[in-house]
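Student: This is the structure, below, for whatever I ask next.
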Amino acid sequence: NIVVVLPAEAGEKHFGFEERVKLVNPRITAEGYKIGTRGFTNYLLHADDMIKE
């Protein structure tokens, strides 16, 4: 799963289930960590806004 993070200025968003959206200025970051000998990665998708396509 990828989490989409929007700034508070974008306001509250309401979309239907599986509704197509467009991200404004998207960029992705990865946060890695390890537990024992296993490595894990969380992906965060940041965008300035999310609008209906």
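Student: Taking the Cβ of I51 as the center, what net charge do the other residues with Cβ under 15 Å away carry, scoring Lys and Arg +1 and Asp and Glu -1?
Tutor: -2
Student: Rounding to the nearest 20 debye, state how big the charge dipole of the chain is about its Cα centre with +1 on each Lys and Arg Cβ and -1 on each Asp and Glu Cβ.
Tutor: 320
Student: Pull up the cross-link candidates among the lysines for K22, meaning alpha carbon to alpha carbon under 18 Å and not fewer than 8 places away within one chain.
Tutor: Within the straight-line limit of under 18 Å, K22 reaches these lysines: K13, K52.
Student: Check which residues have an amide H placed less than 5 Å from D49's amide H, if you skip close sequence neighbours.
Tutor: Counting only residues 5 or more places away or on other chains, the set is V24.
Student: Then there is this: Within the P(r) computed for the chain, what percentage of the Cα pairs occupies the region above 12 Å?
Tutor: Considering the chain, 70 percent of its Cα-Cα pairs are separated by more than 12 Å.
Student: Please tell me the relative contact order of the chain in percent, rounded to the nearest whole number, where contacts are Cα pairs under 8 Å and at least six residues apart.
Tutor: For the chain, the relative contact order is 51 percent.
Student: Using a Förster distance of 30 Å, how high is the FRET efficiency between E18 and F40, based on the Cβ-Cβ distance and rounded to 0.05?
Tutor: 0.65
A short reminder: the numbers here are calculations on the coordinates, not readings from a lab. Source: prediction; values computed, not measured. Using ideal geometry, Cβ is built from the backbone for each residue, glycine included, and neighbour counts are taken over all protein chains shown.
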